Amino acid sequence: MTEALPPERTWKPRHRGWKLAHHLVPAFVLITFLAGIGILSIYYGRLTLASAIITIAVAAAAAVISVFMRPADDAETGLADVQTSTGVRAGTYFPMFPVSKVLAAVIVGFGVIATISALALGAKLLFLHNSRPLFLAVAATIALLAAGLLILAKGLGMARLAAAAQPAGVYLTRSRVLVFGAQGSREMYWAEVGRIDAEDPPGRHPLGLRGPALLMLRKQPGPPAPGSPISDQRYDRMQINVQDLAVDPDRLLAALDFYAGHGPERAELGTAASLERIAMLA
């Protein structure tokens with residue numbers, strides 16, 4: 001468990017919407033650069049290259065705009081049933097930002113266009129023309145193809161969320177913690193939880209006062225106690241991306257920390273009593 005919550009908020013301020021702009025300068029520079037290369041490619045008649053590069057630039061711009069369009073106010077914690085590996089359970093729900101079906105379809109379309117353009121460019125450079133130096137043609141093809149596939153994967157993940165009957169978010173039930181997001185659902189039983197940390201990915205640090213990028217739940221070391229429920233053993237941790245949370249991350253951290261350390265009180269999860277408790281914790 002976390003040692004103790006600091007007297008001040010861990011995340012202050014949230015920096016959502018337009019307040020995030022000064023942290024996205026590298027993204028704006030990349031979009032401008034790609035758009036410039038795309039326009040130059042059109043000018044010199046390299047339409048295949050231009051279509052791939054401009055599509056990637058537009059997809060990046062759409063992702064940035066979607067962040068700016070997020071509401072500035074935190075969503076409220078609520079109650080919701082959740083599908084777990086052992087059936088439907090009542091849960092206390094911490095929502096993530098909803099995904100637009102239109103935006104998901106647009107991102108998928110960008111990914112398809114960028115991927116096809118990259119393949120066409122590779123075929124043109126490697127087979128139709130005797131490109132020299134060869135390694136530059138191969139490197140350009142691989143880079144554009146990777147970008148197209150990443151955009152496509154992102155769009156498909158968004159589409160899966162947009163079409164899911166279960167809203168994305170973090171669900172606390174009496175027996176477990178479940179996270180449902182773009183990567184599907186993951187769960188960890190309370191009996192398995194060993195540490196709850198707010199941290200950044202290795203080698204990365206937030207800009208300004210944004211707070212850590214991740215909430216990480218780690219399992220207790222060693223074999224589980226006899227009779228304890230066991231979740232999926234393919235992973236020993238569960239990651240929650242703070243940027244995806246529509247709720248106040250401090251509230252979620254406080255709730256995770258409290259219920260991980262107070263087993264008897266987990267019986268109130270999924271009921272109005274848990275909402276009152278969490279309001280007092282936060």
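The values are calculated or read from the model by the stated rules, or taken from the named source; none is laboratory data. This is a predicted model, so every value here is computed, not measured. Virtual Cβ from ideal backbone geometry, glycine too; neighbours counted across all protein chains shown. The protein model used for the area step is the full one, side chains on, heavy atoms only, and it has no ligands, DNA or RNA in it. Shrake-Rupley method; radii C 1.70, N 1.55, O 1.52, S 1.80 Å.
Mind listing whichever residues of region 258-275 are hydroxyl-bearing (Ser, Thr, Tyr) and open to solvent by 40 Å² or more (accessible area, probe 1.4 Å)? First the steps, then the outcome.
Here is the first cut: in region 258-275, the ones hydroxyl-bearing (Ser, Thr, Tyr) are 259, 271, 274.
The one that is hydroxyl-bearing (Ser, Thr, Tyr) and open to solvent by 40 Å² or more (accessible area, probe 1.4 Å): THR271.
Which is of a type outside the set (Gly, Ala, Ser), more than 19 Å from the chain's Cα centre (by Cα) and in a strand (DSSP E or B), of VAL58, VAL112, VAL88?
That would be VAL88, the only listed residue that is of a type outside the set (Gly, Ala, Ser), more than 19 Å from the chain's Cα centre (by Cα) and in a strand (DSSP E or B).
So which residues in region 160-174 are open to solvent by 40 Å² or more (accessible area, probe 1.4 Å) and in contact (Cβ under 8 Å) with a residue 60 or more places away in the chain, if there are any at all?
Narrowing region 160-174 to residues open to solvent by 40 Å² or more (accessible area, probe 1.4 Å): 160, 163, 165, 167, 174.
If the condition is that a residue be open to solvent by 40 Å² or more (accessible area, probe 1.4 Å) and in contact (Cβ under 8 Å) with a residue 60 or more places away in the chain, then ALA163, PRO167, ARG174 are the ones that fit.
For residues that are polar (S, T, N, Q) and open to solvent by 40 Å² or more (accessible area, probe 1.4 Å), tally how many sit in region 70-95. Can you show your working first?
As a first pass, look at region 70-95 and keep what is polar (S, T, N, Q): 77, 83-86, 92.
Of the ones still in play, those that are also open to solvent by 40 Å² or more (accessible area, probe 1.4 Å) are 83, 85-86.
Within region 70-95, residues that are polar (S, T, N, Q) and open to solvent by 40 Å² or more (accessible area, probe 1.4 Å) number 3.
From the residues in region 177-192 that are of a type outside the set (Ser, Thr, Tyr), more than 25 Å from VAL99 (Cα to Cα) and touching a Pro at 6+ places or on another chain (Cβ under 8 Å), which one is surrounded by the fewest Cβ atoms within 10 Å (Cβ to Cβ)? Give the derivation first.
Filtering region 177-192 down to residues of a type outside the set (Ser, Thr, Tyr) leaves 177-184, 186-188, 190-192.
Still in the list and also more than 25 Å from VAL99 (Cα to Cα): 190-192.
Imposing the further condition that a residue be touching a Pro at 6+ places or on another chain (Cβ under 8 Å) reduces the set to 191-192.
Numbers: ALA191: 18, GLU192: 21.
Ranking the candidates gives ALA191 first.
Step by step: first the residues of region 99-109, then only those that are in contact with a Leu (Cβ under 8 Å, 6 or more places away or on another chain) and open to solvent by 20 Å² or more (accessible area, probe 1.4 Å), then the one that is modelled with the lowest pLDDT. Which residue is that?
VAL99
Scan region 222-244 residue by residue and report those that are out of contact with any strand residue (DSSP E or B) (no Cβ under 6 Å at 6 or more places or on another chain) and either hydrophobic (A, V, I, L, M, F, W, C) or part of a strand (DSSP E or B) (or both). Before the answer, list the steps.
Here is the first cut: in region 222-244, the ones out of contact with any strand residue (DSSP E or B) (no Cβ under 6 Å at 6 or more places or on another chain) are 222-228, 230, 232-235, 241-243.
If the condition is that a residue be out of contact with any strand residue (DSSP E or B) (no Cβ under 6 Å at 6 or more places or on another chain) and either hydrophobic (A, V, I, L, M, F, W, C) or part of a strand (DSSP E or B) (or both), then ALA225, ILE230, ASN241, VAL242 are the ones that fit.
Go through the residues of region 51-65 one by one and say whether even a single one is surrounded by fewer than 16 Cβ atoms within 10 Å (Cβ to Cβ) and either modelled with pLDDT of 90 or more or among the aromatic types (Phe, Trp, Tyr) (or both).
No, region 51-65 contains no residue that is surrounded by fewer than 16 Cβ atoms within 10 Å (Cβ to Cβ) and either modelled with pLDDT of 90 or more or among the aromatic types (Phe, Trp, Tyr) (or both).
Pick from ALA140, ALA147: which is open to solvent by less than 100 Å² (accessible area, probe 1.4 Å), of a type in the set (A, V, I, L, M, F, W, C), modelled with pLDDT under 75 and under 21 Å from ILE42 (Cα atoms)? Before you say what the answer is, go through the steps one by one.
Numbers: ALA147 fails: modelled with pLDDT under 75.
It is ALA140.
Sort through LEU40, LEU5, LEU30 and tell me the only one that's open to solvent by 40 Å² or more (accessible area, probe 1.4 Å), over 22 Å from ALA255 (Cα atoms) and at pLDDT below 85.
Values: LEU40 fails: at pLDDT below 85; LEU5 fails: over 22 Å from ALA255 (Cα atoms).
Exactly one of LEU40, LEU5, LEU30 is open to solvent by 40 Å² or more (accessible area, probe 1.4 Å), over 22 Å from ALA255 (Cα atoms) and at pLDDT below 85, namely LEU30.
So, in region 259-272, how many residues would count as being part of a helix (DSSP H, G or I) and at positive phi? Even if it seems obvious, please write down each step before you answer.
Of region 259-272, the ones part of a helix (DSSP H, G or I) are 259-261, 264-268, 272.
Narrowing further to those that are at positive phi: none.
Of the residues in that region, 0 qualify.
Say whether the condition of being part of a helix (DSSP H, G or I) and free of Cβ contacts under 8 Å to residues at least 24 places away in the same chain is met by at least one residue in region 249-258.
Kept after step one, since they are part of a helix (DSSP H, G or I), are these residues of region 249-258: 249-258.
Those still in the list that are free of Cβ contacts under 8 Å to residues at least 24 places away in the same chain too: 258.
Yes, region 249-258 has at least one match.
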